[in-house]
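Worksheet: the structure to be examined is printed underneath.
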Amino acid sequence: MLSRILKIVVTVAGMAFVAPPVLAQQAVKIGVIAEFSGPFADYGTQIVNGMKTYLKLHGETFGGRKVEIITRDTTGPAPEVAKRLAQELITRDNVDIIAGFGLTPNALAVAPISAEAKKPMVIMNAATSVITTRSPYIVRVSHTLPQDTQPIAQWASKNGIKRAYTLVSDYGPGIDSETQFVKSFKAAGGEVIDSVRTPLQNPDFAPYLQRIKDSKPDAVFVFLPPGSQTIAFIKGYEERGLKQAGVRLIATGDLTDDGVLQAMGEPTLGLITSFHYSAAHDSPENKLFVKTYAEVNGTKYRPNFMACAGYDGMAAIAEALKKTGGATDADKFLAALKGMKLMSPRGPITIDPETRDIVQTVYIREVKKVDGQLYNMEFDKFENVKDPGK
Ligand code: PHB
């Protein structure tokens, strides 16, 4: 009898002993909410391509747990869809982390769900300053528009531009970039003669370009989300002869995005922009990233800033899992992310422990032809730039 009881105790103890490794083997589910169809389809594709590039180089198990990526398509700027997808991912698919977000309206719609459900939320593009304040569980590994805009405003005032006109997309990141440009350019002694905001979807740039040309500024500062709009804008700038009329074009690097630069062609040659990532960034980390990206995803896309943020977001999740021993509890996970330093393909990055936003180098670049291909070639830099919008 005693031996039977002992046997049961041993068996129960044995089960209790084997249980943790079984649990530890459960995959960490990352629900990626992004744009995979419609005019912004490249955003989600680049983000996931970047995440896969990281997994190819570093394996798929961190802190004892394998990671699993589940993608969901918002189809474009669609806050209600993004919200529903986040709710489904959390309640039905039991994801541990939500990530992705190319467009600001989608990130803003999901932020309160991250706060209520206590889910870590890793922003891999959406760049309106305020987003990170909407949930204590948000970390941003991409950029903010004020962060990328401040350097070009300062560069402009030092390079003969005295009177500027601004044209931005009429939503969060555009308004942030306009506000920062006006502030920094004025502080540096410049004058902003007028500002115009264009619709997020399908704007016709011709009337705006004519008005800008007629008011004869030294330069027009632009923020537009990359894709069909940036292509249309560059075409209009060229066709309406703004360059010949002496109106220079300056922008954040969203305008000369690596993903669409080739499609915009020769008119981009010589354009000066400020930005945190270029596929031409000269470092061993970036060379390995660009090479591996092509091995994993093919050569249809050149990795851009969203791919780089997808890679870094995956790196941040992996490093946090290592620190927590695989735990994804929001408070523990965020503690592991706050203050994290990583060597990104773009250069060194830090997650500011106070704001949970990214601190990074912003480069000044010029579009040049290298081996028959257009690239943003970096020639100056501002190190450790925090988001000045906060
Ligand atoms: C955004 O919606 O926050 C956004 C989109 C494209 C960019 C930058 C920001 O290039």
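Under a 5 Å amide H cut-off, with hydrogens placed 1.01 Å from N, residue 195 pairs with 166 among residues at least 5 apart or on other chains. Of all DSSP beta bridges located in the stretch 154-221, what percent are antiparallel, nearest 5? About 0 percent, rounded to the nearest 5. Counted residue by residue at 0.36 nm each, then reduced by the alpha carbon distance between them, the extension gain from residue 354 to residue 262 reaches 29.2 nm. Can you count the Lys pairs in the stretch 242-337 whose Cα atoms are under 30 Å apart, with each pair 8 or more apart or on different chains? Close lysine pairs under the 30 Å cut-off: 8.
Between the listed residues 234, 215, 172, the Cα displaced farthest toward the positive end of the dipole of the stretch 161-243, a dipole computed from Cβ unit charges relative to the Cα centre, is found at 215.
The GNM of the chain, with springs linking C-alpha atoms under 10 angstrom apart, assigns the highest mean-square fluctuation among 316, 251, 115 to 115. Residue by residue, the stretch 374-384 carries 3J(HN,Hα) couplings of 7, 9, 8, 9, 6, 9, 7, 8, 10, 8, 6 Hz when phi is fed to the Karplus relation 6.51 cos²θ - 1.76 cosθ + 1.60 (θ = phi - 60°); x denotes Gly or Pro.
Put a plus charge on the Cβ of each Lys and Arg, a minus charge on the Cβ of each Asp and Glu, and nothing anywhere else: the dipole of the chain about its Cα centre is then about 740 debye.
Note: relative contact order over the stretch 189-299, using C-alpha pairs below 8 Å and six or more positions apart, is 23 percent. Assuming R0 = 25 Å, what is the FRET efficiency of residue 245 and residue 130, from their Cβ-Cβ distance, to the nearest 0.05? The calculated FRET efficiency here is 0.10. A cut-off of 5 Å between modelled amide H atoms, ignoring neighbours fewer than 5 places along the same chain, links residue 255 with 224. Within the stretch 61-93, name every residue whose backbone N is under 13 Å away from a label modeled 7 Å from Cα of residue 116 along the Cβ vector. Answer for the stretch 61-93: 83-88, 90-91. Between the stretch 211-225 and the stretch 96-115, what is the C-alpha centre distance in whole Å? What the calculation gives is 33 Å, centre to centre.
Using the Karplus relation 6.51 cos²θ - 1.76 cosθ + 1.60 with θ = phi - 60°, the per-residue 3J(HN,Hα) values for the stretch 231-237 come to 4, 5, 5, 4, 4, x, 4 Hz, with x marking Gly and Pro. Excluding same-chain neighbours fewer than eight residues apart, the aspartates and glutamates reachable from residue 216 by a Cα-Cα span under 17 Å are 191, 194, 238, 239.
With the convex hull of its Cα atoms as the shape, the stretch 211-286 has an orientation-averaged projected area of 5.3 nm². Of the residues 193, 152, 98, the one that moves most in a GNM of the chain with alpha-carbon contacts below 10 Å is 193.
If you look at the Cα atoms of the chain, you get an Rg and a Dmax of 23.0, 100 Å. Once the chain from residue 70 to residue 379 is taken as fully extended at 0.36 nm per residue, the excess over their C-alpha distance is 107.4 nm.
Residues 194, 254, arranged from fewest to most other Cβ atoms within 10 angstrom of their Cβ, appear as 194, 254. Loop-located trypsin sites (Lys or Arg not before Pro) in the stretch 20-127 (DSSP state not H, G, I, E or B) with no more than 10 neighbouring Cβ atoms inside 10 Å: 92.
A simple charge model with +1 on the Cβ of Lys and Arg, -1 on the Cβ of Asp and Glu and nothing else charged puts the dipole of the stretch 25-141 at about 280 debye relative to its Cα centre. Near residue 42: Cβ cut-off under 13 Å, other residues only, Lys/Arg at +1 and Asp/Glu at -1. The net charge is -3.
For residue 66, the aspartates and glutamates whose Cα comes closer than 18 Å to its Cα, not counting residues fewer than 8 places off in the same chain, are 93, 96, 312, 319, 329.
When each of 135, 37 is scored by the number of other beta-carbon atoms lying within 10 Å, the sequence from fewest to most is 37, 135.
Checking the cross-link pairs 183/338; 119/338; 341/390; 186/369; 29/56; 213/386 against a 27 Å limit on the alpha carbon distance flags 183/338; 186/369; 213/386 as lying beyond it.
Comparing 173, 303, 284 in a Gaussian network model of the chain (Cα springs below 10 Å), the most mobile by mean-square fluctuation is 284.
In this structure, the amide hydrogen of residue 66, modeled 1.01 Å from its nitrogen in the peptide plane, lies closer than 5 angstrom to those of 28, counting only residues at least 5 positions away or on a different chain.
Values in this text are rule-based calculations from the coordinates and carry no lab data. Because the structure is predicted, anything quoted here is derived from the model rather than measured. For neighbour counting, all protein chains shown are included, and Cβ atoms are generated from backbone atoms with ideal geometry for every residue, glycine included.
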